[in-house]
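Novice: Quick one: structure below, then a few questions.
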Amino acid sequence: MVISSNALAYIDVINKYLALLGAGDVRGIVSLFSPKGMVNSPFLDVQPAGAFFDQLKAATRRSVLEDPEVFVSGVGSRRASVCFTYLWELADGSHVSFRCVDLFEFDEQGLIDTMTIIYDTAPIRAEVGDKYRRVAVA
């Protein structure tokens, strides 16, 4: 199979996203999204990318991403995904770790239009409760 140049560009954007997420660089992350870019989160529902990542940053002391694997479409669609383990230290010092998949849909310019986050929320909710949703965004 030949990987299209679009697929290679999507891999590059996702790798940048992972690095910026680990660094907590909200403005950098948001720059990877289209102006109408949205995030669909199991905890926070559907939000504009800027609002979502501001809230994540406010709730986070530290993020570590382990074992990322990026997957691109074999049929040339504008979709890609990444699976990784998210080691999350919340602002209050509590820790949570889980495997997740982020699904990306890209626009014609190669920016992220939609990101859908998928993971089993039951153990996370038991550990985190509602701390994430209630955090104050500066």
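Novice: Inspect the range 16-23 for any residue being of a type outside the set (A, V, I, L, M) and in contact (Cβ under 8 Å) with a residue 40 or more places away in the chain and give the result as yes or no.
Specialist: The initial filter retains those residues of the range 16-23 that are of a type outside the set (A, V, I, L, M), namely 16-17, 22.
From the residues that got through so far, the ones that are in contact (Cβ under 8 Å) with a residue 40 or more places away in the chain too are 17, 22.
Within the range 16-23 (the criterion being of a type outside the set (A, V, I, L, M) and in contact (Cβ under 8 Å) with a residue 40 or more places away in the chain), the answer is yes, since at least one residue qualifies.
Novice: Tell me which residues, restricted to the range 84-97, are exposed (fewer than 15 other Cβ atoms within 10 Å of the Cβ) and either of a type in the set (Gly, Ala, Ser) or part of a strand (DSSP E or B) (or both). Talk me through it step by step, then tell me what you get.
Specialist: At the first step, the residues of the range 84-97 found to be exposed (fewer than 15 other Cβ atoms within 10 Å of the Cβ) are 85, 92-95, 97.
Matches in the range 84-97: 85, 93, 94, 95, 97.
Novice: Of everything in the range 23-48, what is buried (at least 17 other Cβ atoms within 10 Å of the Cβ), touching a Lys or Arg at 6+ places or on another chain (Cβ under 9 Å) and part of a helix (DSSP H, G or I)? Give them in sequence order.
Specialist: Those that are buried (at least 17 other Cβ atoms within 10 Å of the Cβ), touching a Lys or Arg at 6+ places or on another chain (Cβ under 9 Å) and part of a helix (DSSP H, G or I): 26, 29.
Novice: Here's a follow-up. If you check residue 127 against the conditions, is it acidic (Asp, Glu) and at pLDDT 85 or above?
Specialist: Details: acidic (Asp, Glu): yes; at pLDDT 85 or above: no.
Criteria not met by residue 127.
Novice: Give the range 52-62 a look and list any residue that's surrounded by fewer than 16 Cβ atoms within 10 Å (Cβ to Cβ) and free of Cβ contacts under 8 Å to residues at least 60 places away in the same chain, or say none. If you could, list the steps in order and put the result at the bottom.
Specialist: From the range 52-62, those surrounded by fewer than 16 Cβ atoms within 10 Å (Cβ to Cβ) are 58, 61-62; that's our starting set.
Selection gives 61, 62.
The values are calculated or read from the model by the stated rules, or taken from the named source; none is laboratory data. Just so it is clear, the model here is predicted, and its values are computed rather than measured. Because the Cβ atoms are built from the backbone with ideal geometry, glycine has one as well, and the counts that use them run over all protein chains shown.
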